[in-house]
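First up is the structure itself, then whatever we jot down about it.
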Amino acid sequence: MLDREGAQIQHFAVKPSTVVNLEPMKQHITTLAILFLALLNLAQTRAQTAGSAKTKLNVTRDIPYAEPADPRQKVDIYAPEGAKNLPVVFWIHGGGWQAGDRTNIQVKPQAFADKGFVFVSTGYRLLPDVDMGTIIRDVAKSVRWVHEHIGEHGGDSKRILVMGHSAGAQLAALICTDDRYLKAEGLSLAIVKGCVPVDGDTYDVPAIIETAETRLRVHGMPMPKFGHRLKFGNDPEKHRDFSAVTHVAKGKGIPPFLILHVADHPDTTAQAQRLGAVLKDAGIPTRIFAAKETNHTRLNDNLGLPDDPATKALFEFVAESLK
């Protein structure tokens, strides 16, 4: 072919660049990566399983502690297989004295069984079907039943630790300071080796009533139809009588306390400090633990989980209390 000026144009065959197909290599690398991650995950799982073997539990539910028994007047017992003469955790659920039940226990039974405890979760009748005094007497009756029968489930009736969350924290603290309730059941505080109220706001009932109602009043908000004032009897004398701080005194055999609370909750923090100060003034060994980066529900839900700071404080406390 000639160009416009007659020059001959030569055509050269240009070979395309050599293209390397990388897809098989990519698939091979991906397969190796997946296999490596799977092996790593398997190794981690085996290590965790080996390091956290779970104790087998014998579970007995719906045991009545009163005759005739209301459906809520029952306990559930979680005992390690082969348990014999083990210390006992007596747990009281929360729910504002109006709700909740003894199944609200999350991982606690397994966590305590792994540490060598028998775990008992108690129910009790609720407001408004019964009054506050009846609720407290239900808990005391439950303690009596546990003291009399826990040996049949591998527990030691003389080594009981009383614990509870929220409303259960108030009940636990009161049972362990106002000895009249256990005395009415033929018992003394000597059987209780430690008390752990968890994020309660009613160790000093008059104080929380004044705090809550003042907050509502200054903000122009209506008073609750069934707040603490009415739940505790709408009587200043009853309010004082249902407050653990009222009954703390030297020489009563009050057990050591670990008071757990949410660090940035103003009401439960104030109440924890108030109860702790009264206990310490009476010479009762007391520790207050403020749980950070948590809330009222999560603090309770996480008790028993590995690496949970409040759980670490809890197990340190029970170990010291049982020495």
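Would you be able to say whether some residue in segment 204-217 is of a type outside the set (Lys, Arg), in contact (Cβ under 8 Å) with a residue 12 or more places away in the chain, within 21 Å of Met163 (Cα to Cα) and surrounded by fewer than 20 Cβ atoms within 10 Å (Cβ to Cβ)?
no
Across segment 51-101, which residue is farthest from His153 (Cα to Cα) among those that are in contact with a Lys or Arg (Cβ under 7 Å, 6 or more places away or on another chain), in a loop (DSSP other than H, G, I, E, B) and of a type outside the set (Asp, Glu)?
So the residue we want is Trp97.
Mind listing whichever residues of segment 75-103 are closer than 30 Å to Asn234 by Cβ, crowded, with 18+ Cβ neighbours inside 10 Å and of a type outside the set (A, V, I, L, M, F, W, C)?
His93, Gly94, Gly100, Arg102
Here are the criteria: (1) under 23 Å from the mean Cα position of the chain (by Cα); (2) open to solvent by 40 Å² or more (accessible area, probe 1.4 Å). Tell me which single one Glu148 does not satisfy.
Of everything listed in (1) under 23 Å from the mean Cα position of the chain (by Cα); (2) open to solvent by 40 Å² or more (accessible area, probe 1.4 Å), Glu148 misses just condition (1).
Applying the selection to segment 303-323, what residues are touching a residue at least 60 places away in the same chain (Cβ under 8 Å) and outside any helix (DSSP H, G or I)?
Residues satisfying the conditions are Leu303, Gly304, Leu305, Pro306, Leu322.
Does at least one position in segment 73-82 carry a residue that is within 29 Å of Lys231 (Cβ to Cβ) and not charged (D, E, K, R)?
Narrowing segment 73-82 to residues within 29 Å of Lys231 (Cβ to Cβ): 73-76.
With not charged (D, E, K, R) added as a condition, the list becomes 73, 75.
Yes - at least one qualifying residue is present in segment 73-82.
Considering only segment 243-288, state which residues are within 22 Å of Ser188 (Cβ to Cβ), open to solvent by less than 10 Å² (accessible area, probe 1.4 Å) and touching a strand residue (DSSP E or B) at 6+ places or on another chain (Cβ under 7 Å). Spell out how you get there, then give the answer.
Here is the first cut: in segment 243-288, the residues within 22 Å of Ser188 (Cβ to Cβ) are 243-258, 275, 278-279, 282-286.
Retained after the next criterion (residues that are open to solvent by less than 10 Å² (accessible area, probe 1.4 Å)): 243-244, 255, 257-258, 275, 279.
Scanning segment 243-288 gives Pro255, Phe257, Leu258, Leu275, Leu279.
The values are calculated or read from the model by the stated rules, or taken from the named source; none is laboratory data. Because the structure is predicted, anything quoted here is derived from the model rather than measured. Cβ atoms come from the backbone with ideal geometry, glycine included; neighbour counts cover every protein chain shown. Please note that ligands, DNA and RNA were not included when accessible areas were found on the heavy atoms of the full protein model with its side chains. Shrake-Rupley method; radii C 1.70, N 1.55, O 1.52, S 1.80 Å.
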